[in-house]
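Written out below as structure tokens is the structure these notes cover.
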Amino acid sequence: MNTMRRSIAAALAALAFPWLGLSDAGEVACAYHAGTQDNPAAAPDPATPEGGGWTLNDVTAGDADFTWGGVSPDGATGLNAWRVLDNSTASGRFLYYSHALSAPQQSDAGAYGWKLAAVFRLQDPVADNAGARAAYLFFGDNANTRFIAFFDILPSGALEVNFQGTGGGTVVLTTDAAEAAGYNTHEVWYDPATRRAEYRFNGAVRWSAWAGSTGAYNGVKWGTESSGGRGDGYWNSVTFTINDPPPLPGVALHPQSSTNAVGDRVTFTGAFTNLVLSHQWYKDGAPIPGATQAAFTLPFVTVLDAGSYLLRASNTVGTADTDPATLTVLPDTTPPAVVRAVASVFASRLRLHFSEPVLAASAVDRFNYAFPDAAFELVDLAMADRFTVDLALAPAPVPGSNYVVLVSFVQDDATNAMPENVCVPFSAPSGFPAMGQLVAAFNGSVTAADPADGVTWPDQSGNENHALSYSTATNRRPTLIESNLNGFATLNFHRPSQQALTIAGPTSTGFHGSNLTWFIVAKPTNVAGFNPNLLRHSSTFSAAAWGSFMFGGNASTGYQPAFVSNGRRPAGSAIEAVAFPIQPGHWMICEGYVNGDLGESYSRVETPASNTVVSATNSAATPTGYGEPLLTWIGRSPTVASDAFDGEMAEVLVYSGVLDAVQRAEVQTHLRTKYFSQPPTVAITATATNLQIAFTGVLQAAPAVDGAFEDVEGVVTSPLEIPLESATNTLFFRARRP
């Protein structure tokens with residue numbers, strides 16, 4: 001809104017509402033004021049021009065359920081009021097006043113911010129109305145956001161307010177009955193920079209970071225509008241003010257120039273005064289994609305990053321720039337090196353991680369790679385990121401086998417080239433039940449982080465995991481706990497920190513199928529009040545095409561905690577198999593599958609400590625659907641921050657296809673034996689004629705001939721007796737888990 005329109009609006013408002021004491025702080029878009037007992041225009045009707053031209057909803061005069069009218073003065077308060085009494089018990093019958101805003105007013109309110117203020121008191125609750133939201137203040141932006149605050153006096157006499165929507169909640173404003181029943185000032189302040197509102201009670205901030213609820217409505221409302229909620233309010237004033245346009249952003253901090261070597265981490269920071277709605281960093285005059293915060297970090301400096309950097313801040317009035325900072329990069333004379341090679345047994349992929357960014361033209365040149373000891377064909381080469389190249393191999397590496405790749409002439413950004421035939425060893429992972437195609441195997445056996453972001457590591461199947469990062473929170477890598485579960489490392493997920501992982505490469509690793517089976521070894525510590533994710537996968541088809549989570553329970557589970565395996569029908573509704581009760585605080589083997597061909601989901605939970613098993617199957621007439629895969633995550637939903645896992649995980653296995661009962665039993669045995677069997681023991685007792693050996697687990701025994709053991713698994717039983725004459729040589733005994 002330009003200055004002339006602002007001045008005219010303020011002048012008109014001052015003529016219509018001389019009691020408001022307007023300043024240049026903003027435009028009063030709509031207002032009602034009943035004044036004081038000395039005001040000659042005492043308590044005008046809000047629906048009249050003198051009262052502000054508000055619109056009364058569709059109640060009619062003479063309706064016994066509603067009363068409205070002026071009160072001058074309101075007892076000994078000295079204030080006039082407009083009474084709004086709603087004593088209707090019918091759902092959908094309310095008494096309120098509304099005022100629509102023009103399109104320019106809505107635009108200015110969203111761009112500059114606004115304040116909705118009211119002075120009113122609530123009568124002691126209407127009979128049988130305790131806690132039923134007796135009065136409310138309401139603003140809608142005519143798009144899809146509403147700010148609704150409900151007020152009520154509790155049976156105790158306390159005054160409370162409830163804020164609807166994201167960031168909302170309920171707060172008791174005062175427990176003093178006299179203050180609760182008296183006139184109080186209520187204000188909602190909206191900040192366009194954060195798109196959040198704060199609430200002030202008698203001038204003190206009592207709530208903040210309120211984002212409102214969804215729903216389209218244009219303008220301001222006050223009175224009652226809550227199904228079944230009745231109220232008796234005495235309104236002295238209601239004012240909706242649109243802030244004036246802000247000044248341009250002012251530079252408070254300029255970024256500093258820096259000289260760095262290749263591989264350094266550099267952060268540029270700027271700061272501004274006044275309202276800032278957006279930031280954008282520029283390099284050599286061009287905007288940097290995604291660099292929209294007050295600080296910009298280069299995690300790994302290369303020669304290509306040298307240049308001039310500045311930060312631009314914008315608001316609805318215009319923009320302001322910091323002074324440019326110069327990044328000088330020292331000469332790079334060191335060629336790149338392969339720091340890690342990870343083979344994938346299920347995707348026929350070899351992923352090479354380089355010590356620095358490499359030039360794609362050289363990194364995807366098939367003549368720069370050779371396999372001297374294996375007949376691998378390079379089916380395809382592709383850059384996964386600036387540090388990483390994927391080599392698709394045929395045939396797939398043999399699980400448990402060791403190989404070598406010779407890498408030659410790959411160049412960094414400074415065109416330094418690797419020498420010819422650098423030998424890079426790699427191993428094809430093994431140690432997982434080979435049921436069909438294993439598409440992911442995640443556990444606590446992690447290796448060094450990737451230099452690109454510091455939070456990437458390969459899992460034991462050759463896939464890779466990444467800590468998630470969201471715009472609303474900084475998510476961190478789960479904590480590794482060494483030797484935590486029968487000697488195996490586990491990962492601890494802390495829900496308040498919203499720790500999470502993603503599994504990379506869902507398309508290339510088979511996540512696009514419609515039939516999948518998964519196993520999860522986990523110990524949830526808390527499932528009450530939220531839906532902690534164990535494993536979830538999303539696609540273009542629906543929000544969560546398949547996966548498993550836990551929840552605290554509902555009426556269908558007898559309010560007992562449960563484990564859910566989830567699939568989706570094409571209509572988007574869930575096919576959920578709910579197994580309950582589960583035992584939070586205990587380690588569990590959680591299992592699920594989705595059969596997209598039949599439209600079926602299955603869940604099973606085994607708790608080894610208590611030797612209990614619960615399971616469930618659910619089917620639907622319409623098969624599930626999938627679409628293109630988007631993201632697979634462990635621990636926290638990317639869209640619902642509260643649905644974060646709280647507890648520990650030891651292993652996640654995902655297979656393409658629906659495994660049959662025999663195959664699932666084999667994986668169960670593998671996990672049960674790996675994580676929950678007791679370590680083997682051996683006790684040797686000598687008698688006059690023999691050695692008696694008692695043991696648990698599987699015993700391997702043989703004379704020590706050149707250090708070799710003869711495996712006698714399946715033959716030796718406990719106790720074992722060996723005659724002394726057979727022990728002239730030293731005997732070695734080795735026990736292992738079954």
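The values are calculated or read from the model by the stated rules, or taken from the named source; none is laboratory data. Quick caveat: nothing in here was measured; it's all calculated off a predicted structure. Because the Cβ atoms are built from the backbone with ideal geometry, glycine has one as well, and the counts that use them run over all protein chains shown.
Can you tell me how many residues within the stretch 597-612 are out of contact with any Ser or Thr (no Cβ under 6 Å at 6 or more places or on another chain), part of a strand (DSSP E or B) and surrounded by 15 or more Cβ atoms within 10 Å (Cβ to Cβ)?
First, pick out the residues of the stretch 597-612 that are out of contact with any Ser or Thr (no Cβ under 6 Å at 6 or more places or on another chain): 597-598, 605-612.
Now drop any that are not part of a strand (DSSP E or B), which leaves 605-607, 612.
Still in the running and surrounded by 15 or more Cβ atoms within 10 Å (Cβ to Cβ): 605-607.
Number of matching residues: 3.
Just one of (1) farther than 22 Å from Tyr675 by Cα; (2) at pLDDT below 90 trips up Gly558, so point out which.
Result: Gly558 passes all but (2).
Say whether the condition of being touching a residue at least 40 places away in the same chain (Cβ under 8 Å), surrounded by fewer than 22 Cβ atoms within 10 Å (Cβ to Cβ), under 30 Å from Phe150 (Cα atoms) and touching a Phe, Trp or Tyr at 6+ places or on another chain (Cβ under 7 Å) is met by at least one residue in the stretch 222-242.
Yes: the stretch 222-242 contains one or more residues that are touching a residue at least 40 places away in the same chain (Cβ under 8 Å), surrounded by fewer than 22 Cβ atoms within 10 Å (Cβ to Cβ), under 30 Å from Phe150 (Cα atoms) and touching a Phe, Trp or Tyr at 6+ places or on another chain (Cβ under 7 Å).
Exactly one condition in (1) hydrophobic (A, V, I, L, M, F, W, C); (2) touching a strand residue (DSSP E or B) at 6+ places or on another chain (Cβ under 6 Å); (3) at negative phi is false for Phe409; which is it?
Exception for Phe409: condition (3).
Out of the residues in the stretch 641-662 that are touching a residue at least 24 places away in the same chain (Cβ under 8 Å) and surrounded by fewer than 17 Cβ atoms within 10 Å (Cβ to Cβ), state the one that is nearest to the chain's Cα centre (by Cα).
If we take residues in the stretch 641-662 being touching a residue at least 24 places away in the same chain (Cβ under 8 Å) and surrounded by fewer than 17 Cβ atoms within 10 Å (Cβ to Cβ), then Ala641 is nearest to the chain's Cα centre (by Cα).
Could you tell me whether any residue of the stretch 382-391 is touching a helix residue (DSSP H, G or I) at 6+ places or on another chain (Cβ under 7 Å) and touching a residue at least 40 places away in the same chain (Cβ under 8 Å)?
No, the conditions are met nowhere in the stretch 382-391.
Rundown of residues vs (1) among the small types (Gly, Ala, Ser); (2) at negative phi, yes/no style:
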residue: Ser213; (1), (2): yes, yes
residue: Gly223; (1), (2): yes, no
residue: Phe240; (1), (2): no, yes
residue: Asn243; (1), (2): no, yes
residue: Pro246; (1), (2): no, yes
residue: Phe272; (1), (2): no, yes
residue: Trp281; (1), (2): no, yes
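Kindly evaluate Val594 against the criterion of being touching a residue at least 24 places away in the same chain (Cβ under 8 Å), over 17 Å from Asn531 (Cα atoms), crowded, with 22+ Cβ neighbours inside 10 Å and in contact with a strand residue (DSSP E or B) (Cβ under 7 Å, 6 or more places away or on another chain).
Taking the combined requirement at face value, the residue satisfies it.
Anything in the stretch 411-436 that is more than 30 Å from Arg664 (Cα to Cα), in a loop (DSSP other than H, G, I, E, B) and either touching an Asp or Glu at 6+ places or on another chain (Cβ under 7 Å) or of a type in the set (Phe, Trp, Tyr) (or both)? List them, or say none.
Ala414, Asn416
For the stretch 293-315, which residues satisfy the criterion of being assigned to a strand (DSSP E or B) and out of contact with any helix residue (DSSP H, G or I) (no Cβ under 6 Å at 6 or more places or on another chain)?
Step one: filter the stretch 293-315 for residues assigned to a strand (DSSP E or B), giving 295-298, 307-314.
The answer is Ala295, Phe296, Thr297, Gly307, Ser308, Tyr309, Leu310, Leu311, Arg312, Ala313, Ser314.
Restricting attention to strands (runs of 3 or more DSSP E) lying wholly within the stretch 142-182, give those where 2 or more residues are in the same structural domain as Trp222 (by TED's automatic domain parsing) and over 18 Å from Glu225 (Cβ atoms).
169-174
Would you please name the residue that is modelled with the lowest pLDDT, looking only at residues in the stretch 584-628 that are among the aliphatic types (A, V, I, L, M) and either under 19 Å from Leu516 (Cα atoms) or under 28 Å from the mean Cα position of the chain (by Cα) (or both)?
Only one residue fits best here, namely Ala621.
Let me spell it out: the conditions are (1) of a type outside the set (Asp, Glu); (2) within 22 Å of Asp191 (Cβ to Cβ); (3) crowded, with 20+ Cβ neighbours inside 10 Å; (4) touching a helix residue (DSSP H, G or I) at 6+ places or on another chain (Cβ under 9 Å), and Trp82 meets all of them except one. Which number is the exception?
For Trp82, the exception is condition (2).
Scan the stretch 259-312 residue by residue and report those that are over 30 Å from the mean Cα position of the chain (by Cα), over 26 Å from Thr415 (Cβ atoms) and without any contact (Cβ under 8 Å) to a residue 40 or more places away in the chain.
Within the stretch 259-312, Thr273 is the sole residue that qualifies.
If only one of Ala320, Ala286, Ala306 is in contact with a Pro (Cβ under 6 Å, 6 or more places away or on another chain) and assigned by TED's automatic domain parsing to the domain that holds Ser258, which one is it?
On the way: Ala286 fails: in contact with a Pro (Cβ under 6 Å, 6 or more places away or on another chain); Ala306 fails: in contact with a Pro (Cβ under 6 Å, 6 or more places away or on another chain).
That would be Ala320, the only listed residue that is in contact with a Pro (Cβ under 6 Å, 6 or more places away or on another chain) and assigned by TED's automatic domain parsing to the domain that holds Ser258.
So which residues in the stretch 343-393 are over 31 Å from the mean Cα position of the chain (by Cα) and under 27 Å from Asp305 (Cβ atoms)?
Matches in the stretch 343-393: Val358, Leu359, Ala360, Ala361, Ser362, Ala363, Val364, Asp365, Asn368, Leu381.
Looking only at the stretch 60-77, decide whether some residue is in a loop (DSSP other than H, G, I, E, B), more than 26 Å from Gln37 (Cα to Cα), hydroxyl-bearing (Ser, Thr, Tyr) and in contact with a Ser or Thr (Cβ under 7 Å, 6 or more places away or on another chain).
No - not one qualifying residue is present in the stretch 60-77.
From the residues in the stretch 78-130 that are among the β-branched types (Val, Ile, Thr) and not in a loop (DSSP other than H, G, I, E, B), which one is modelled with the highest pLDDT?
Top of the filtered list is Val119.
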